[in-house]
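K.L.:
A single structure is presented below for examination.
The values are calculated or read from the model by the stated rules, or taken from the named source; none is laboratory data. What you see is a predicted model, and the numbers here were worked out from it, not measured in a lab. Ideal geometry is used to build each Cβ from the backbone, glycine not excepted, and the neighbour counts take in all protein chains shown.
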Amino acid sequence: MKKHVVITIGCECGAGGPVIGKMIADSLGIEYFDRDFIDQVVEQAGVSKDVIQKANEAKAVKGRGPGIGDFLGARYEDLTERIIYVQFEVIKKLAEKSSCVIIGRCADYILKDRDDVLNIFVYAPDEDRIEAVMKDHKFNRKQAQAYIEHRDHMLHSRYKYMTGTYRGDRHNRHMLIDSSVLGWRGTAQFIESLIRQRFGDI
């Protein structure tokens, strides 16, 4: 009998986490849910589209604490209790429904009480990340550096705000892996080998 498994992948910007996650999902034949998909489901679940749009446009609305706009960064300036609650519920339902790979959105924290979850964090040296962002977004070097700095600040702050701990903390993950060592495909294959050793037939 195949086992139900959920793989969460947190990652540094430019380290290849979403691409690696998609490779793993495709190879295992399981669902793949990235950040954008989860945001869309949150919207469909009843969160006002205007509220989400304001967050994307960095229009501050009072959140859970003082100075929340500065603390979370542009994309999440109007993060509200409603959005947080719906996001948590969406991720729990996705994990319950089928085996899957989930990218970001604090999924490791949200699903921490499940025993069928493997939590991965993907990172890479700054130079590799800069090169990846330059290629992916057609940025020059200065633009790529600024983009990475912004994303790192935003995602680290958001994770700390929502979980009380840090994204790259080894205690939150079963594996931390530098994607520059084996390359993105090699990293995906290495993680898949861990998944199969941990869970067997999927």
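K.L.:
Starting from the range 29-43, take each residue that is over 8 Å from VAL101 (Cα atoms) and modelled with pLDDT under 85 and list its partners that are of a type in the set (S, T, N, Q) and surrounded by 18 or more Cβ atoms within 10 Å (Cβ to Cβ), counting only C-beta distances under 8 angstrom and pairs at least six apart or across chains.
P.N.:
ILE38/GLN87; VAL42/GLN87
K.L.:
Looking at the range 151-187, which of its residues are over 19 Å from ASP113 (Cα atoms), surrounded by 15 or more Cβ atoms within 10 Å (Cβ to Cβ) and among the basic types (Lys, Arg)?
P.N.:
Passing the criteria: ARG151, ARG158.
K.L.:
Another one. I want to confirm something. Restricting to the range 125-135 and keeping residues that are over 18 Å from the mean Cα position of the chain (by Cα) and part of a helix (DSSP H, G or I), which single residue is nearest to GLY186 (Cα to Cα)?
P.N.:
Going through the qualifying residues, I end up with ASP128.
K.L.:
Check ILE103, ILE148, ILE120, ILE130 and return the single one that is in contact with a Pro (Cβ under 9 Å, 6 or more places away or on another chain), modelled with pLDDT of 95 or more and not polar (S, T, N, Q).
P.N.:
Matching residue, one of ILE103, ILE148, ILE120, ILE130: ILE103.
K.L.:
Could you list, in sequence order, all residues of the range 172-194 that are aliphatic (A, V, I, L, M) and in contact with a helix residue (DSSP H, G or I) (Cβ under 7 Å, 6 or more places away or on another chain)? Please lay out each step first, then the result.
P.N.:
Of the residues in the range 172-194, the ones aliphatic (A, V, I, L, M) are 175-177, 181-182, 188, 191, 194.
Selection gives MET175, LEU176, ILE177, LEU182, ALA188, ILE191.
K.L.:
While we're on this one: Read through the list (1) within 25 Å of SER27 (Cα to Cα); (2) over 15 Å from the mean Cα position of the chain (by Cα), then give the number of the only condition that GLN143 fails.
P.N.:
GLN143 satisfies every listed condition except (1).
K.L.:
Okay, moving on. Across the range 141-180, what is the total count of residues that are touching a strand residue (DSSP E or B) at 6+ places or on another chain (Cβ under 9 Å), outside any helix (DSSP H, G or I) and not basic (Lys, Arg)?
P.N.:
The number of residues fulfilling the criteria is 7.
Let's see how each residue does on (1) over 23 Å from LYS160 (Cα atoms); (2) touching a helix residue (DSSP H, G or I) at 6+ places or on another chain (Cβ under 9 Å); (3) not β-branched (Val, Ile, Thr):
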| residue | (1), (2), (3) |
| --- | --- |
| SER99 | yes, yes, yes |
| ILE103 | no, yes, no |
| ASP113 | no, no, yes |
| LEU118 | no, yes, yes |
| ASP126 | no, yes, yes |
| ALA132 | yes, yes, yes |
| HIS137 | yes, yes, yes |
| ALA146 | no, no, yes |
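K.L.:
Something else about it: Any idea which of (1) assigned to a helix (DSSP H, G or I); (2) surrounded by 13 or more Cβ atoms within 10 Å (Cβ to Cβ); (3) of a type outside the set (Lys, Arg) is the one VAL122 doesn't satisfy?
P.N.:
Every condition holds for VAL122 apart from (1).
K.L.:
Let me ask something else. Please enumerate the residues belonging to the range 147-202 that are over 24 Å from ILE130 (Cα atoms), over 14 Å from the mean Cα position of the chain (by Cα) and of a type in the set (Ser, Thr, Tyr).
P.N.:
Correct list: TYR161, THR165, SER193.
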